[in-house]
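Everything on this sheet refers to the single structure shown next.
The values are calculated or read from the model by the stated rules, or taken from the named source; none is laboratory data. All of these numbers come straight from a predicted model, not from anything done at the bench. Note that we place each Cβ from the backbone using ideal geometry, even for glycine, and neighbour counts take in every protein chain shown.
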Amino acid sequence: MIDAEVIVVGAGPTGLMLAAELGLADVQVLVLERLPSPSETPKAGGLSGQILDLLRYRGLLERFEAASTGPRPAPRFPWGGMHVDFTQLADPPMQAMPLPQPLLERLLAELAGERGAEIRRGQEVVGLSQDDATVTAEVRGSDGLHQVTAHYLVGCDGASSRVRDLAGFPFPGTTYPEVQRLALVTVPDSVTVLENRDIEVEGVGRVAFGFTRTEHGEFALGSTNPALMGLYTSEEESAHYDDDEPMTVAELRDSIRRVLGVDLPLGEPTRLTRFTLHARQVERYRDGRILLAGDAAHLFPAPGVALNAGLIDSVNLAWKLGAAVHGWAPAGLLDTYDDERRLAGERTLLHTRAQVAIRRGHDQAAEALRELFQELLVDEQPLSRLGALMAGTDIRYPLAGHDHNALIGTFAPDLTLRIDRGTTSVAELMHAARPVLLNLSGRVDLSETARDWDQRVDIHTAETDDRPADAVLIRPDAHIAWAANVDESADTAVPAQRDALFGWFGTP
Ligand SMILES: Cc1cc2nc3c(=O)[nH]c(=O)nc-3n(C[C@H](O)[C@H](O)[C@H](O)COP(=O)(O)OP(=O)(O)OC[C@H]3O[C@@H](n4cnc5c(N)ncnc54)[C@H](O)[C@@H]3O)c2cc1C
């Protein structure tokens, strides 16, 4: 007897996104969250990277924008202790939307609920076991211990994941000794913000906008809102802090004094957080019926990328779990989650670890490295490349047929399409998170082959300008599973299309 088809442990952003996407895949979901009520801890200040495209592809972008606390800021991001400015690019790959994490979680919880997920709060998973058909969690609630059983369980329970420990997933990597403190405070009367965004402080003098390095650590001043000062410090400390333990203004003031050597007057805080940085990734994302996603699977030693990675883990996994639960998953489908998202995690570790090396050095060689990067990052090509890496849009999953067509494994471009009922777009066709076969050449052979899958795959004959392929098969997570080259012969296109349909969407 099962309680749900899938149990999601943790109602953070990753778990709630997974529950919402599982709802689209018609999966009965139970979310177990140890906290009795939603967390108000001010962690991420917003969303950035490819997840913004993905939300648009789900038709959710406007709803998220309506909840956003401000207009989209200019695409300028801290990177390795520098500011990288993408504003000069015509189409910056890295964008951000201000949406404080408690608001984001509220929105995702609403969405998951609308799609049928049950969220039980005050329920802590303390034990796990699995067999060939089910996985059982031991749960501690207000009325003691009980068990819940499902076909699959996904640990979305954050950096200190209990699921990861209980299931014995190794989590190798590094914890860095610096403590980072981040705050937004109002500008007190004794501080004047100058035109170039430096500040003039009575009794202290001028403090420069941007990053200042001292032998005691790093300090940064910056904010997109002229009424607020954004403050950041990073210093090596032996103390261990829990990310959920609130930081105080006094603690921030002491840290600024240690790093910068001055007493900065601070106004009222609107945000105060402290965190340590880790570079860790599990060696595998799946063990039988137990899977991991989000911070439970990976931790990155630089800001602004973790939510994107975790939310896209969920989008990648949900439809595959749906296929497994509904009994049509081809052999190996669930393992592609590990192949693809471990690769994505490795790419994110690559640039976030590089940032540690670039940011931490205090000698002349390190200064030279930073200066060199600053020079390189004004040119369009390296800037675009870095932006795509940060946004997670440069990732090409290593799918079968990868060498045959450059689109295979990439995020589907948002083509404008003319179909029999009018004009649409790839983004619009992905709202329901169903697989889509786009026949872009009107070829009868390709539509005929796909017809056997029409219960599972939406088939559209469409025209588009500058057609990139004769046909493309798009998975529910908006990645291209297969593509036929323009004017490719039926001898190769038809068998490859059939293999792709079997390989991803099973026996019709
Ligand atoms: C100060 C700070 C600033 C940050 N800023 C950014 C940023 O600007 N951009 C960005 O992308 N990321 C940022 N992050 C990181 C981001 O907050 C995390 O990546 C994100 O919260 C991960 O989401 P998650 O759902 O995977 O895990 P979590 O948010 O940690 O959620 C895990 C959930 O699981 C629950 N749980 C844990 N154990 C159990 C159990 N045994 N049983 C049941 N439930 C359990 C927890 O209570 C929690 O609700 C920041 C983090 C911090 C601390």
Is it true that some residue in segment 273-285 is under 25 Å from Leu108 (Cα atoms), hydroxyl-bearing (Ser, Thr, Tyr), away from the ligand (no atom under 12 Å from the Cβ) and buried (at least 16 other Cβ atoms within 10 Å of the Cβ)? yes
With a cut-off of at least 1 residues that are free of Cβ contacts under 8 Å to residues at least 40 places away in the same chain, name the strands (runs of 3 or more DSSP E) lying wholly within segment 132-221. 135-141, 144-155, 191-193, 199-201, 205-207, 217-221
Here is a list of conditions, (1) out of contact with any Lys or Arg (no Cβ under 6 Å at 6 or more places or on another chain); (2) within 9 Å of the ligand (Cβ to nearest atom); (3) not hydrophobic (A, V, I, L, M, F, W, C), and Arg72 meets all of them except one; can you say which number that is? (2)
Is it true that Leu47 is within 12 Å of the ligand (Cβ to nearest atom), surrounded by 20 or more Cβ atoms within 10 Å (Cβ to Cβ) and farther than 20 Å from Ala391 by Cβ? no
Taking the condition away from the ligand (no atom under 15 Å from the Cβ), touching a residue at least 12 places away in the same chain (Cβ under 8 Å) and either farther than 21 Å from Leu291 by Cα or outside any strand (DSSP E or B) (or both), does Pro102 pass? no
Look at segment 148-207 and say how many of its residues are of a type in the set (Ser, Thr, Tyr), away from the ligand (no atom under 15 Å from the Cβ) and crowded, with 16+ Cβ neighbours inside 10 Å. 2
Leu231: at pLDDT 90 or above, within 25 Å of Val305 (Cβ to Cβ) and in a strand (DSSP E or B), yes or no? yes
Among the candidates Leu32, Leu55, Leu60, single out the residue that is near the ligand (Cβ under 8 Å from one of its atoms) and at pLDDT 95 or above. Leu32
Residue hits (segment 105-129; at negative phi and assigned to a loop (DSSP other than H, G, I, E, B)) are Arg115, Ala117, Gln123
Which count do you get for residues in segment 116-147 that are surrounded by 14 or more Cβ atoms within 10 Å (Cβ to Cβ) and away from the ligand (no atom under 12 Å from the Cβ)? 8
